[in-house]
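Accompanying notes for the structure given below.
The values are calculated or read from the model by the stated rules, or taken from the named source; none is laboratory data. The structure presented is a predicted model; accordingly, all values stated were derived computationally and were not measured. Please note: Cβ atoms are built from the backbone with ideal geometry, for glycine as well, and neighbour counts cover all protein chains shown. When the accessible area is computed, the model is the full protein with side chains, heavy atoms only, and any ligands, DNA or RNA have been set aside. Shrake-Rupley method; radii C 1.70, N 1.55, O 1.52, S 1.80 Å.
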Amino acid sequence: MNSSVVHFDNACEARDMCALLAGLTEKIEMDSALSVTVRDMKICLEGEEPVREEICRFLEDLRIARNQTALDPRAVAYAYDEFRRGEKKIFSKLSSIRIDVSPKKPSIFPRTLGQQIYLNTIIGNSITFGIGPAGTGKTYLAMAMAVSALIKGDVSRIILTRPAIEAGESLGFLPGDIQQKISPYLRPLYDALHDMLPPENIESDIEKGIIEVAPLAYMRGRTLNHAFVILDEAQNTTPQQMLMFLTRMGFDSRCAITGDLTQIDLPDRKSSGLLEARHLLGNIDDLRFVELTERDVVRHPLVQKVIEAYRKKRCNRHAGEKKAQDEI
């Protein structure tokens, strides 16, 4: 039987490759009818030549990519699935964008092709809408781009905002001053910041006004120049709020608007400002929409399956409603 070999340069590389391929070698064997053996500083592939050589190239690309981008077994499994769908040079695409956020924090890379498109869109446009389900990195990646732009001096401040809408339950009257009252709504934005900047930098920048975290209502009447502005949970804006926010943008500013259209908490779901914006603004230069899907989810693999199950339920419901209307 014909065979191919991928050699490792040293024991460290062998250890890292074995960790990244944990659980994947069995899947490769099942998908391609190959025999995959990892031992003695190499991976041996035995089987039919066309598929064997393709898998060999995938593993060689992985071996090179581990030094160029942040990888874990989940990211490698995603890359393998895309490779099986016909994507070429998947690791090169994922490592083409590197976001440096702080000398004390690791660089951030896209984990999926959808995320890579999203980041490229933010780089190339003044206003980017990132729409997709939970766990696709919409807000996190926008935050990384904002922090990187601030560090490089492309902007002089970061403004983070979201509508103060409760997610399906009433929190009642919260104690404390205004900052304490709005803190629960803005917690996800603070969490992303703490992943990218040392705590002392965050506190100092907030005190100086370099980083501002505020509810959407505080944006009215302002003009935001030389700023990177992120509007999170945009599906819960009204059309009037979305218009108000979009007209705040000033010179030398960049804006990322993120939302999940399956999690609208407004009393009237059809009144979402994000839905209206997607309908009205699709053909404007320097403004783009990026749609992320369950394939871009980078949380626990079960999250992907949960999202897919609910998506199928919505599709079936909409199909049933359409059939009922046609029969009337």
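Structure notes:
- Only one of the listed residues (R162, R111, R157, R98) is open to solvent by 20 Å² or more (accessible area, probe 1.4 Å) and modelled with pLDDT of 95 or more. That residue is R157.
- R295, sole failed condition from (1) more than 23 Å from the chain's Cα centre (by Cα); (2) open to solvent by 50 Å² or more (accessible area, probe 1.4 Å): (1)
- In region 279-292, residue farthest from R254 (Cα to Cα) [restricted to those that are surrounded by fewer than 17 Cβ atoms within 10 Å (Cβ to Cβ) and among the charged types (D, E, K, R)]: E291
- Of all residues in region 28-47, exactly one satisfies the criterion of being touching a residue at least 40 places away in the same chain (Cβ under 8 Å), part of a strand (DSSP E or B) and of a type in the set (A, V, I, L, M), namely L45.
- If you go through region 23-61 and keep only what is more than 20 Å from K89 (Cβ to Cβ), small (G, A, S), modelled with pLDDT under 90 and surrounded by 13 or more Cβ atoms within 10 Å (Cβ to Cβ), you end up with just G47.
- Restricted to region 197-242, and to residues there that are open to solvent by 10 Å² or more (accessible area, probe 1.4 Å), among the polar types (S, T, N, Q) and in contact (Cβ under 8 Å) with a residue 12 or more places away in the chain, the residue that is nearest to D260 (Cα to Cα) is T238.
- Count - residues of region 63-78 that are within 19 Å of R295 (Cβ to Cβ) and either in contact with a Gly (Cβ under 7 Å, 6 or more places away or on another chain) or of a type in the set (V, I, T) (or both): 3
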